[in-house]
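Encoded as C-alpha coordinates, the structure appears first; notes follow it.
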Amino acid sequence: MNRKYRKTLIAGNWKMNKTPSETKAFMTELKAMLPKGRWCDIALCVPSVCIPAAVRALRDTRVGVGAENVNANASGAYTGEVSTSMLVDAGCKYVIIGHSERRAMGETDADVNAKTLAALEAGLVPIVCCGESLEQRESGITEEWISMQIKLALANIGEDKIRKVVIAYEPIWAIGTGKTATPEQAEEVCQHIRGVVRKLFGSKNARAMTIVYGGSMNDKNAFELLAQPDIDGGLIGGASLVAEKFVKIIEDANQPTA
Ligand code: PGA
(Lines give C-alpha, C1' and ligand atoms only; values in the text may rest on other atoms or scores of the structure.)
Protein backbone atom coordinates (compact mmCIF):
# COMPACT_ATOMS: atom_id res chain seq x y z
CA MET A 1 0.00 0.00 0.00
CA ASN A 2 1.08 3.56 -0.49
CA ARG A 3 -1.60 5.71 1.12
CA LYS A 4 0.16 8.92 0.23
CA TYR A 5 -0.59 8.52 -3.44
CA ARG A 6 -3.58 6.24 -3.74
CA LYS A 7 -6.62 4.71 -2.11
CA THR A 8 -6.61 1.31 -0.48
CA LEU A 9 -9.61 -0.86 -1.37
CA ILE A 10 -10.79 -4.03 0.31
CA ALA A 11 -13.49 -5.52 -1.90
CA GLY A 12 -15.46 -8.72 -1.41
CA ASN A 13 -16.60 -10.86 -4.33
CA TRP A 14 -19.39 -13.10 -3.18
CA LYS A 15 -19.69 -14.90 -6.54
CA MET A 16 -22.86 -17.08 -6.58
CA ASN A 17 -23.30 -17.22 -2.80
CA LYS A 18 -25.93 -16.00 -0.33
CA THR A 19 -29.62 -15.21 -0.82
CA PRO A 20 -31.17 -11.76 -0.21
CA SER A 21 -32.20 -12.82 3.32
CA GLU A 22 -28.71 -14.09 4.05
CA THR A 23 -27.33 -10.82 2.69
CA LYS A 24 -29.40 -8.84 5.16
CA ALA A 25 -28.24 -11.02 8.06
CA PHE A 26 -24.58 -10.81 6.98
CA MET A 27 -24.62 -7.01 6.63
CA THR A 28 -26.17 -6.63 10.09
CA GLU A 29 -23.39 -8.77 11.53
CA LEU A 30 -20.73 -6.90 9.53
CA LYS A 31 -21.98 -3.46 10.60
CA ALA A 32 -21.65 -4.36 14.26
CA MET A 33 -18.03 -5.43 13.73
CA LEU A 34 -16.69 -2.73 11.41
CA PRO A 35 -13.75 -0.78 12.82
CA LYS A 36 -14.61 2.80 13.72
CA GLY A 37 -12.61 5.80 12.60
CA ARG A 38 -10.44 6.07 9.51
CA TRP A 39 -10.80 3.20 7.12
CA CYS A 40 -9.69 2.10 3.75
CA ASP A 41 -12.39 2.01 1.08
CA ILE A 42 -14.58 -1.06 1.46
CA ALA A 43 -16.82 -2.70 -1.14
CA LEU A 44 -18.98 -5.78 -1.24
CA CYS A 45 -19.80 -7.08 -4.70
CA VAL A 46 -22.83 -9.34 -4.48
CA PRO A 47 -25.21 -11.25 -6.78
CA SER A 48 -27.65 -8.90 -8.60
CA VAL A 49 -30.68 -10.03 -6.65
CA CYS A 50 -28.87 -9.27 -3.36
CA ILE A 51 -27.99 -5.68 -4.33
CA PRO A 52 -31.19 -4.06 -2.92
CA ALA A 53 -30.81 -5.87 0.43
CA ALA A 54 -27.12 -4.94 0.63
CA VAL A 55 -27.75 -1.28 -0.25
CA ARG A 56 -30.57 -1.03 2.31
CA ALA A 57 -28.53 -2.63 5.08
CA LEU A 58 -25.38 -0.58 4.38
CA ARG A 59 -27.16 2.76 3.84
CA ASP A 60 -25.66 4.45 6.90
CA THR A 61 -22.14 3.05 6.47
CA ARG A 62 -19.17 3.82 4.24
CA VAL A 63 -19.24 0.35 2.70
CA GLY A 64 -19.99 0.56 -1.03
CA VAL A 65 -22.06 -2.07 -2.78
CA GLY A 66 -20.98 -3.49 -6.11
CA ALA A 67 -22.17 -5.86 -8.81
CA GLU A 68 -20.19 -8.81 -10.15
CA ASN A 69 -20.87 -8.13 -13.82
CA VAL A 70 -22.68 -5.71 -16.12
CA ASN A 71 -23.77 -5.51 -19.74
CA ALA A 72 -22.15 -2.74 -21.79
CA ASN A 73 -25.34 -1.90 -23.71
CA ALA A 74 -27.64 0.83 -22.44
CA SER A 75 -30.86 -1.20 -22.78
CA GLY A 76 -32.67 -3.54 -25.12
CA ALA A 77 -33.11 -7.17 -26.07
CA TYR A 78 -30.48 -8.81 -23.84
CA THR A 79 -32.45 -11.33 -21.82
CA GLY A 80 -31.04 -11.92 -18.38
CA GLU A 81 -28.61 -9.00 -18.47
CA VAL A 82 -28.29 -5.89 -16.30
CA SER A 83 -27.17 -2.42 -17.46
CA THR A 84 -24.98 0.21 -15.79
CA SER A 85 -27.95 2.56 -15.26
CA MET A 86 -29.85 -0.23 -13.46
CA LEU A 87 -26.87 -0.75 -11.14
CA VAL A 88 -26.52 2.97 -10.45
CA ASP A 89 -30.23 3.34 -9.78
CA ALA A 90 -30.14 0.35 -7.43
CA GLY A 91 -27.40 2.07 -5.41
CA CYS A 92 -24.21 0.37 -6.66
CA LYS A 93 -20.87 2.16 -6.62
CA TYR A 94 -18.64 -0.61 -7.95
CA VAL A 95 -18.72 -3.34 -10.57
CA ILE A 96 -16.32 -6.23 -11.12
CA ILE A 97 -15.41 -6.60 -14.79
CA GLY A 98 -13.62 -9.43 -16.57
CA HIS A 99 -13.32 -11.86 -13.68
CA SER A 100 -11.56 -15.02 -14.87
CA GLU A 101 -14.68 -17.06 -14.07
CA ARG A 102 -16.64 -14.88 -16.50
CA ARG A 103 -13.85 -14.96 -19.07
CA ALA A 104 -14.05 -18.76 -18.83
CA MET A 105 -17.75 -18.43 -19.76
CA GLY A 106 -16.79 -16.60 -22.97
CA GLU A 107 -16.19 -12.97 -22.01
CA THR A 108 -13.56 -11.48 -24.35
CA ASP A 109 -11.04 -8.65 -23.91
CA ALA A 110 -13.25 -6.54 -26.19
CA ASP A 111 -16.23 -7.19 -23.85
CA VAL A 112 -14.09 -6.22 -20.86
CA ASN A 113 -13.13 -2.96 -22.54
CA ALA A 114 -16.72 -2.13 -23.56
CA LYS A 115 -17.98 -2.85 -20.02
CA THR A 116 -15.21 -0.76 -18.46
CA LEU A 117 -16.04 2.21 -20.72
CA ALA A 118 -19.76 1.85 -19.96
CA ALA A 119 -19.15 1.62 -16.20
CA LEU A 120 -16.99 4.76 -16.21
CA GLU A 121 -19.55 6.62 -18.29
CA ALA A 122 -22.22 5.76 -15.72
CA GLY A 123 -20.05 6.83 -12.78
CA LEU A 124 -19.37 3.33 -11.44
CA VAL A 125 -15.92 2.28 -10.25
CA PRO A 126 -14.87 -0.64 -12.47
CA ILE A 127 -12.75 -3.30 -10.75
CA VAL A 128 -11.06 -4.72 -13.84
CA CYS A 129 -9.60 -8.20 -13.40
CA CYS A 130 -6.57 -9.70 -15.11
CA GLY A 131 -4.49 -12.76 -14.39
CA GLU A 132 -2.52 -15.63 -15.89
CA SER A 133 -3.15 -19.37 -15.81
CA LEU A 134 -0.67 -21.77 -14.23
CA GLU A 135 0.36 -22.90 -17.71
CA GLN A 136 1.12 -19.33 -18.75
CA ARG A 137 3.12 -18.71 -15.57
CA GLU A 138 5.11 -21.88 -16.10
CA SER A 139 5.83 -20.92 -19.71
CA GLY A 140 7.23 -17.59 -18.51
CA ILE A 141 4.71 -15.39 -20.34
CA THR A 142 2.93 -13.88 -17.31
CA GLU A 143 4.11 -10.31 -17.94
CA GLU A 144 3.33 -10.33 -21.68
CA TRP A 145 -0.10 -11.81 -21.02
CA ILE A 146 -0.96 -9.27 -18.32
CA SER A 147 0.33 -6.37 -20.47
CA MET A 148 -1.97 -7.47 -23.27
CA GLN A 149 -5.00 -7.84 -20.99
CA ILE A 150 -4.41 -4.39 -19.46
CA LYS A 151 -3.84 -2.65 -22.79
CA LEU A 152 -7.02 -4.13 -24.24
CA ALA A 153 -9.11 -3.52 -21.12
CA LEU A 154 -8.07 0.12 -20.85
CA ALA A 155 -8.26 1.03 -24.56
CA ASN A 156 -9.95 4.37 -25.28
CA ILE A 157 -10.30 5.42 -21.66
CA GLY A 158 -9.86 9.18 -21.32
CA GLU A 159 -7.16 10.74 -19.13
CA ASP A 160 -9.94 12.26 -17.03
CA LYS A 161 -11.42 8.85 -16.13
CA ILE A 162 -8.44 6.55 -15.76
CA ARG A 163 -7.89 7.23 -12.06
CA LYS A 164 -11.32 5.86 -11.23
CA VAL A 165 -10.35 2.43 -12.52
CA VAL A 166 -9.23 -0.22 -10.04
CA ILE A 167 -7.18 -3.10 -11.42
CA ALA A 168 -7.37 -6.49 -9.71
CA TYR A 169 -4.49 -8.86 -10.34
CA GLU A 170 -5.88 -12.35 -9.84
CA PRO A 171 -3.67 -15.25 -10.90
CA ILE A 172 -6.13 -17.94 -12.00
CA TRP A 173 -4.12 -20.65 -10.22
CA ALA A 174 -4.64 -18.83 -6.91
CA ILE A 175 -8.40 -18.30 -7.11
CA GLY A 176 -10.38 -20.50 -4.74
CA THR A 177 -7.49 -22.95 -4.52
CA GLY A 178 -5.95 -21.92 -1.20
CA LYS A 179 -2.69 -21.41 -3.16
CA THR A 180 -2.03 -17.71 -2.56
CA ALA A 181 0.68 -16.00 -4.60
CA THR A 182 3.60 -15.14 -2.35
CA PRO A 183 3.80 -11.44 -1.48
CA GLU A 184 6.84 -11.22 -3.80
CA GLN A 185 5.05 -12.89 -6.74
CA ALA A 186 1.99 -10.67 -6.28
CA GLU A 187 4.10 -7.51 -5.89
CA GLU A 188 6.12 -8.31 -9.00
CA VAL A 189 3.02 -8.45 -11.20
CA CYS A 190 1.25 -5.49 -9.54
CA GLN A 191 4.40 -3.43 -10.09
CA HIS A 192 4.46 -4.59 -13.70
CA ILE A 193 0.82 -3.52 -14.14
CA ARG A 194 1.68 -0.06 -12.78
CA GLY A 195 4.49 0.10 -15.34
CA VAL A 196 2.06 -0.72 -18.16
CA VAL A 197 -0.34 1.98 -16.92
CA ARG A 198 2.60 4.43 -16.74
CA LYS A 199 3.41 3.84 -20.41
CA LEU A 200 -0.21 4.27 -21.41
CA PHE A 201 -1.36 7.10 -19.14
CA GLY A 202 1.76 8.70 -17.65
CA SER A 203 3.47 8.47 -14.29
CA LYS A 204 1.02 10.58 -12.27
CA ASN A 205 -1.92 8.41 -13.27
CA ALA A 206 0.08 5.23 -12.66
CA ARG A 207 1.10 6.42 -9.21
CA ALA A 208 -2.51 7.26 -8.34
CA MET A 209 -4.04 3.99 -9.54
CA THR A 210 -5.35 1.46 -7.03
CA ILE A 211 -4.10 -2.02 -7.95
CA VAL A 212 -5.34 -4.85 -5.74
CA TYR A 213 -4.47 -8.53 -5.44
CA GLY A 214 -6.98 -11.39 -5.42
CA GLY A 215 -6.63 -15.16 -5.12
CA SER A 216 -7.04 -16.93 -1.79
CA MET A 217 -6.38 -13.73 0.14
CA ASN A 218 -7.60 -14.27 3.68
CA ASP A 219 -7.35 -13.12 7.29
CA LYS A 220 -4.04 -14.99 7.69
CA ASN A 221 -2.09 -13.77 4.66
CA ALA A 222 -3.56 -10.31 3.94
CA PHE A 223 -1.19 -8.35 6.15
CA GLU A 224 1.95 -9.45 4.31
CA LEU A 225 0.39 -8.99 0.89
CA LEU A 226 -0.85 -5.51 1.80
CA ALA A 227 2.60 -4.56 3.09
CA GLN A 228 3.90 -4.65 -0.49
CA PRO A 229 4.27 -1.16 -2.01
CA ASP A 230 2.25 -1.83 -5.18
CA ILE A 231 -0.56 -3.90 -3.63
CA ASP A 232 -3.25 -1.39 -2.71
CA GLY A 233 -5.86 -3.77 -1.38
CA GLY A 234 -7.61 -7.02 -2.12
CA LEU A 235 -10.43 -8.64 -4.07
CA ILE A 236 -11.56 -11.34 -1.73
CA GLY A 237 -13.78 -14.30 -2.58
CA GLY A 238 -14.13 -17.05 0.02
CA ALA A 239 -12.97 -14.98 3.00
CA SER A 240 -15.52 -12.23 2.24
CA LEU A 241 -18.35 -14.67 3.02
CA VAL A 242 -17.38 -14.78 6.69
CA ALA A 243 -17.78 -11.43 8.48
CA GLU A 244 -14.93 -11.95 11.03
CA LYS A 245 -12.47 -12.84 8.27
CA PHE A 246 -13.47 -9.92 6.07
CA VAL A 247 -13.24 -7.49 9.01
CA LYS A 248 -9.81 -8.82 9.96
CA ILE A 249 -8.58 -8.05 6.41
CA ILE A 250 -10.02 -4.51 6.70
CA GLU A 251 -8.18 -4.11 10.00
CA ASP A 252 -4.96 -5.28 8.35
CA ALA A 253 -5.46 -2.69 5.62
CA ASN A 254 -5.79 -0.01 8.30
CA GLN A 255 -2.48 -0.80 9.94
CA PRO A 256 0.19 1.87 9.72
CA THR A 257 2.66 1.27 6.89
CA ALA A 258 6.36 2.05 6.90
P1 PGA B 1 -10.87 -16.35 -3.61
O2 PGA B 1 -11.52 -15.57 -4.85
O3 PGA B 1 -10.47 -15.29 -2.60
O4 PGA B 1 -11.95 -17.26 -3.11
O5 PGA B 1 -9.67 -17.07 -4.13
C6 PGA B 1 -11.01 -14.35 -5.31
C7 PGA B 1 -11.77 -13.92 -6.54
O8 PGA B 1 -12.08 -14.77 -7.38
O9 PGA B 1 -12.08 -12.72 -6.71
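The values are calculated or read from the model by the stated rules, or taken from the named source; none is laboratory data. Note that the structure is a prediction, hence the values are computed from the model and not measured. Note that we place each Cβ from the backbone using ideal geometry, even for glycine, and neighbour counts take in every protein chain shown. When the accessible area is computed, the model is the full protein with side chains, heavy atoms only, and any ligands, DNA or RNA have been set aside. Shrake-Rupley method; radii C 1.70, N 1.55, O 1.52, S 1.80 Å.
With every protein chain kept in place and ligands, DNA and RNA left out, what is the accessible area per residue of the chain? Probe 1.4 Å, answer in Å². Could you put the intermediate results ahead of the total?
Details: 11740 Å² over 258 residues.
Per residue, the chain has 45 Å² of solvent-accessible surface.
Would you kindly state how much longer the chain becomes between Y78 and E184 on full extension, computed as 0.36 nm times their sequence separation minus their alpha carbon distance, in nm to one decimal? Before the final figure, lay out the partial values.
Details: separation 106, 0.36 × 106 = 38.16 nm, distance 4.24 nm.
Computed gain between Y78 and E184 is 33.9 nm.
Over the chain, what is the relative contact order in whole percent, taking alpha-carbon pairs under 8 Å and six or more residues apart?
23
Ordered by residue, what ³J(HN,Hα) values in Hz, to whole numbers, does region 35-49 give under the Karplus form 6.51 cos²θ - 1.76 cosθ + 1.60, where θ = phi - 60° and Gly and Pro are x?
x, 7, x, 6, 10, 6, 6, 10, 9, 10, 9, 10, x, 3, 5
As a check on your grasp of the helix formula, calculate [θ] at 222 nm for the chain: sum -39500 (n - 2.57) over DSSP H runs of n ≥ 4, divide by the residue count, round to the nearest 500. Write down the numbers at each step before the final one.
Values: 11 runs with 104 residues, N = 258.
Helix contribution divided over all residues of the chain: -11500 deg cm²/dmol.
Which percent of the accessible heavy-atom area of the chain goes to carbon and sulfur, probe 1.4 angstrom? Write down the numbers at each step before the final one.
On the way: 6220 of 11740 Å².
Carbon plus sulfur share of accessible area: 53 percent.
Would you mind counting up the charge near R59? Only other residues with Cβ under 14 Å from its Cβ, with Lys and Arg at +1 and Asp and Glu at -1.
Combined, the nearby Lys, Arg, Asp and Glu give +4.
Could you list which residues have their amide H under 5 Å from that of V125, counting only those 5 or more apart in sequence or on another chain, with H placed in the peptide plane?
Y94, V95
Using 0.36 nm per residue of separation minus the Cα-Cα distance, give me the extension gain between I141 and L200 in nm, one decimal. Mind showing how you got there, number by number?
Working: separation 59, 0.36 × 59 = 21.24 nm, distance 2.03 nm.
Taking 0.36 nm per residue and subtracting the Cα distance, the gain is 19.2 nm.
Taking amide H positions as placed in the peptide plane 1.01 Å from N, state which residues far from A168 in sequence (5 or more) or on other chains have amide H under 5 Å from it.
The answer is V128, C129, C130, V212.
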